[in-house]
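Before we start, here is the structure in question, set down as structure tokens.
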Amino acid sequence: MSTTSLPTSGSPAPPTTGGTTLRPFKAPPKSKSDWLTPAILTAKTITAAAEWAPFPYIKGVSGTVLSLLETVATVKNREDLGELCNSTTEIITILHDQIKAHGNTAAVKFKGLCEELESYLEAVILAIRNMQDQSKGFRGRVKEFLKSSSLTEEIAGYQTQIQGLMAIVETNFKVNEIHAIVTAPSFAVVKAVQNINNCPPPSRIFQGRQAILDKMHQFFATDSGNQHIYVLYGLGGAGKTQIALKFIEQSSFSNVFLVDTSKVETIDTGLKGIAVSKSVGNSAQDALMWLQSSDDKWLLFFDNSDDPKINLNDFLPRCNHGNIIITSRNPELRSYGAHTLVSDMDEADATTLLLRRANKESSEENLKLATTVLR
């Protein structure tokens, strides 16, 4: 009997952070009551609301959860999938509430998590559909699938990540509130926000790209007396953002600021956030002035700079110091500085990544199978 295995992340217990505790994730009672309809209605409402938000990854993960629920709705013996349905619905509800409350501050934080969770749930949906295609013993296969794939632990891992990100968002929001109340920033406030890094971590299963990372480390380590700008460009989904996040994780900049540059509005919001977090004002111009005058080893991460109508020069600090990473689908941005084309992974890295996602050992047999799948 074949089963589908998915990546695991251990089995952490959802923590309590910042006075906020996740509501308990309980599987519905094993009865014939229609517990799925309310979950589908909730997912549809959140997905519809996400249509109007300038964050495609929120729409993506909400739509994938809705697709999961609708797939489960076609299953006759679906009680064993109840906890999964409840948990994923709860996750997008929390995401929706956080972004509604904190806007871009929350959305940028949750970007990487949303993209990773969406990819993971797509694999779960495919596994359920594959099991449905087999004529007998569906419920037994579901039980075996849930056990072998460590699905509960994986979803718990995402819940834990959400809790951690929620704590960061809440902390940033409180700092903003303090700044709005205090007209002259006190030493205590300045000290509390002295070092900032608002980037999410890279994917837990990040693999390869070592040549690009080495090139970036060498470039930013060079003391040229000028501002360092590095452009990662390539097709959507090639891994540009993840490479940048991995580089940032491996580096030691004093302050790191992630700015969503997909729209002028999100750029303005991101720069305002820098000014507020450093207690130097509340406008984009205040942020640029601080960056221009600060001798800190700061890094600006301009992510999703895809719109050719946006002139990034309008938002770059005018100085001979500082570090900037730009990710874009637009090859014209190569003119801004050093650059690398991010294309498909090589076969060795792709094979290793596939096995890690499937939670399989790198045995000779598995390597051959993974190579066959990739080809």
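Take each of the peptides 209-215, 323-329, 259-265, average the number of other beta-carbon atoms within 10 Å over its residues, and list them starting from the highest.
On the way: 209-215: 14.9, 323-329: 22.7, 259-265: 18.0.
Result, highest mean first: 323-329, 259-265, 209-215.
Still on this structure: On a full-extension model of 0.36 nm per residue, what is the gain between ASP268 and LEU341, subtracting their alpha-carbon distance, rounded to one decimal in nm? The partial results should precede the final answer.
Numbers: separation 73, 0.36 × 73 = 26.28 nm, distance 2.74 nm.
My answer for the length gained is 23.5 nm.
Given a Förster radius of 22 Å and the C-beta distance between SER252 and ARG334 as r, what FRET efficiency does 1/(1 + (r/R0)^6) yield to the nearest 0.05?
Details: r = 27 Å, r/R0 = 1.23.
Calculated value: 0.25.
Assign one of three labels to the range 185-343, namely rounded, prolate or oblate, based on the Cα gyration tensor with a ≥ b ≥ c the square roots of its eigenvalues; rounded applies when a/c is under 1.5, prolate when it is not and a/b is larger than b/c, and oblate otherwise.
Verdict is prolate for the range 185-343.
Each value in this text was obtained by applying a stated rule to the coordinates, not by laboratory testing. What you see is a predicted model; the values in this text were computed from it and never measured. Every residue, glycine among them, receives a Cβ derived from its backbone with ideal geometry; neighbour counts consider all protein chains shown.
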